Amino acid sequence: MEDRVLVTDIQRFAVNDGPGFRTNVFLKGCPMNCAWCHNPETKAPRPELYWKKKLCTQCGSCLDACPEGAVNAPVPVEEAAGEGSLYHKIMRSRCTGCMKCVQACRFGALEIAGRPMSTGEILDEVEKDRPFYANSGGGMTVSGGEPAAQGEFTYLLLAEARERDLHTCLDTSGLCDFSLLKALAGQSDIVLFDLKHLDGQVHKAFTGMDNRLILNNLVRLSRTGCALWVRIPVVPGFNDSHEFHRAAALFLSNLPRPVVRVDLLPFHNWCQDKYSWLGIDWIYRDADSLDPAFLELPADLYRERGLAVTIGGSGFEGYGGRAPGRPADAGCREM
Ligand code: SF4
Ligand code: SF4
């Protein structure tokens, strides 16, 4: 096992990814390829380059520094930065990730997405937020990417967090071997489980992966009595129909044990810049963010089935993370 994994961000004071104030740790690497992904920099399991065209002066230092011929020659700033410009500084297919160009850039236009960190380094960073956890019921949320893609590392990270008496959430797509998922859940207080679509073909068309393992894992994890918050990213043209939400509410209400709550997470386009920095032509580039008010009617479909539901996933709404029928401090541990 690697004693370090790539972390793209440690985000402080998040309120939508578990109860209270959360410190979100984003691990890099994901087996899925969701078309709407809000964190495109977490998909690839290797360091990547951001090129921020608004900061680039086209000085050419990166061209001189690159040993692989992976940097495009400078063009006038207006030409590169103009609306609709197809110019991109980096030829990704040639780039080996040596990062010499980052060191050469004096204008902060090149940045590395993904730095290697050990469990201790991550937790020392997380612990800086400990004063904010006590009154809010917050803690660390391990996200991604897919944390299970770094299964052994994530297990150790959660176990060490437990030793430090930190509240933990595991944010997962559920796409992994069940024994691994159960082990990770067993080291977590709450599992935030993504449900994307019930139709296998639609799921595969938008994520690149079949959903049978995911749905099976959700059923099996529910059977353990784990504290489950099911999170549904609601994406235009994918799963924003009432038919989908009606079926999802039925499916979730029929799980072996009740989920703690369901979070409907409206699609947003705030990640447009990240796609641009990575040189990816995002198919949702021109799509508007989904108005949360649009989700009021779908939310009622879950409430009608007796499910607690939030729009946006604020950790201050609904339950504090306790699975019905389980001790308040048990969470998913000691299953
Ligand atoms: S070194 Fe930086 S500012 Fe200069 S051309 Fe390269 S990315 Fe742009
Ligand atoms: S990371 Fe290395 S190979 Fe890639 S563009 Fe920069 S200097 Fe070239």
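Tabulated data
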quantity: Selected residue [surrounded by 15 or more Cβ atoms within 10 Å (Cβ to Cβ) and at pLDDT below 95] from M117, M99; calculated: M99
quantity: Filtered residues of the stretch 163-186 (kept if open to solvent by 10 Å² or more (accessible area, probe 1.4 Å), farther than 20 Å from I232 by Cα and in contact with a strand residue (DSSP E or B) (Cβ under 7 Å, 6 or more places away or on another chain)); calculated: H167
quantity: Among (1) out of contact with any helix residue (DSSP H, G or I) (no Cβ under 9 Å at 6 or more places or on another chain); (2) within 14 Å of ligand 1 (Cβ to nearest atom) - the single one K52 does not satisfy; calculated: (1)
quantity: Top-ranked residue in the stretch 55-88 [being small (G, A, S), away from ligand 1 (no atom under 11 Å from the Cβ) and more than 18 Å from A113 (Cα to Cα); ranked as most open to solvent (accessible area, probe 1.4 Å)]; calculated: G84
quantity: Tally, over the stretch 131-149, of residues that are modelled with pLDDT of 95 or more and either surrounded by fewer than 17 Cβ atoms within 10 Å (Cβ to Cβ) or of a type in the set (S, T, N, Q) (or both); calculated: 2
quantity: Condition broken by C37, with the remaining ones in (1) in a loop (DSSP other than H, G, I, E, B); (2) open to solvent by 30 Å² or more (accessible area, probe 1.4 Å); (3) away from ligand 1 (no atom under 16 Å from the Cβ) satisfied; calculated: (2)
quantity: Boolean, G114 is more than 15 Å from ligand 1 (Cβ to nearest atom), touching a helix residue (DSSP H, G or I) at 6+ places or on another chain (Cβ under 8 Å) and without any contact (Cβ under 8 Å) to a residue 60 or more places away in the chain; calculated: no
quantity: Given (1) within 30 Å of P74 (Cβ to Cβ); (2) in a strand (DSSP E or B); (3) open to solvent by less than 70 Å² (accessible area, probe 1.4 Å), number of the condition G108 does not satisfy; calculated: (2)
quantity: Which listed residue, of T8, T42, is touching a helix residue (DSSP H, G or I) at 6+ places or on another chain (Cβ under 7 Å), more than 16 Å from ligand 2 (Cβ to nearest atom) and either in the same structural domain as G200 (by TED's automatic domain parsing) or at negative phi (or both); calculated: T8
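To keep it simple, each residue is scored yes or no on (1) of a type in the set (S, T, N, Q); (2) within 12 Å of ligand 2 (Cβ to nearest atom); (3) touching a Cys at 6+ places or on another chain (Cβ under 9 Å).
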residue	(1), (2), (3)
Y87	no, no, no
C95	no, yes, yes
C98	no, yes, yes
V102	no, yes, yes
I112	no, yes, no
S118	yes, no, no
I122	no, no, no
V126	no, no, no
D129	no, no, no
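The values are calculated or read from the model by the stated rules, or taken from the named source; none is laboratory data. Fair warning: this is a prediction, and the values are worked out from it, not measured in the lab. We place every Cβ from the backbone using ideal geometry, glycine too, and count neighbours over all the protein chains shown. The accessibility values were calculated without ligands, DNA or RNA, using every heavy atom of the protein model including side chains. Shrake-Rupley method; radii C 1.70, N 1.55, O 1.52, S 1.80 Å.
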